[in-house]
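Before any comments, here is the structure.
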Amino acid sequence: RDELLVEDEFMLLDNLEAKVRAFYMDNSSGNDVNPKMPMWEKVNGQICQQKITELTLAMEAEQDEKIKGFIKDDLEKWEKRKTTFETVGPFSEISGSAVIQLRNQSNTSYGLYIEIQNILKKVVNDLRDEKSRELGWGEYRELDPKEDIDKINVLKVLIPERIIEAKIEI
């Protein structure tokens with residue numbers, strides 16, 4: 001029926017953008033301002049180096065190639081965090097378990113589905129724009145994917161896209 005449920009409560013589409021922004025920003029100070037929203041965790045050079053060392057040792061000791069692949073993925077994420085720290089100094093990041101799950105039923109109109117996706121993506125890009133301007137890099141959307149890849153990667157760490165799509169419900 002093209003009705004929107006957010007955390008089991010009906011919501012007007014006009015209110016979705018504010019709710020998604022709250023998801024990302026309410027607790028970004030590190031204080032539990034809104035217990036319904038994800039917490040943010042502090043990241044610094046010491047934490048990054050400790051995790052990189054632990055994961056490097058774990059990967060060297062691991063025999064199972066599949067598990068080694070998971071460790072390698074995690075190691076790459078920590079290396080990106082370290083690069084972000086080296087670029088902007090200590091920072092906070094949204095909890096790794098914080099995700100927005102987009103689920104739709106099979107009779108949801110395609111237009112509504114796309115509109116919701118666009119709102120989710122817009123909030124992430126708006127927040128990246130704000131952070132990019134704060135860092136003196138101009139608009140995120142105007143950064144060149146070839147020349148500014150390091151800046152883009154830093155912004156993706158600082159404001160990650162935490163949106164996953166679930167299987168269609170019938």
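The values are calculated or read from the model by the stated rules, or taken from the named source; none is laboratory data. Keep in mind it's a predicted model, so treat the numbers as computed, not measured. Because the Cβ atoms are built from the backbone with ideal geometry, glycine has one as well, and the counts that use them run over all protein chains shown. Just the protein is used for accessible areas: all its heavy atoms, side chains included, with ligands, DNA and RNA removed. Shrake-Rupley method; radii C 1.70, N 1.55, O 1.52, S 1.80 Å.
The table for this structure:
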item	result
Difference of contour (0.36 nm per residue) and Cα-Cα distance, residue 88 to residue 105	1.9 nm
Structure-based [θ]222 nm, the chain - -39500 (n - 2.57) summed over DSSP H runs of at least 4, per residue, nearest 500	-17000 deg cm²/dmol
Across 19/146; 42/66; 19/156; 82/121; 19/68; 42/122, pairs whose alpha-carbon gap is larger than 27 Å	19/146; 42/66; 19/68
Cα-based shape type of the chain, given that a ≥ b ≥ c are square roots of the gyration tensor eigenvalues and the cut on a/c is 1.5	prolate
Residue 76 paired with residue 60, simple spin-label distance in nm, labels 7 Å along Cα-to-beta-carbon	2.2
Label zone at residue 161, where the point sits 7 Å out along the Cα-to-Cβ direction: region 107-133 residues whose backbone N lies under 15 Å	114-129
Surface accessible to a 1.4 Å probe, residue 11 within the full protein complex, Å²	40
1.4 Å probe accessible area per residue over region 1-64, in Å²	70
Solvent exposure, largest accessible area first (probe 1.4 Å, DNA, RNA and ligands not counted), of 95, 109	109, 95
Set of aspartates and glutamates near residue 36 by C-alpha distance (under 15 Å), chain-local residues within fewer than 8 positions excluded	7, 8, 9, 26
Modelled FRET efficiency - R0 41 Å, residue 52 with residue 134, Cβ distances, 0.05 increments	0.95
Accessible area (Å², 1.4 Å probe, nearest 10) - residue 108	40
Accessible surface of residue 54 - all protein chains present, 1.4 Å probe, nearest 10 Å²	90
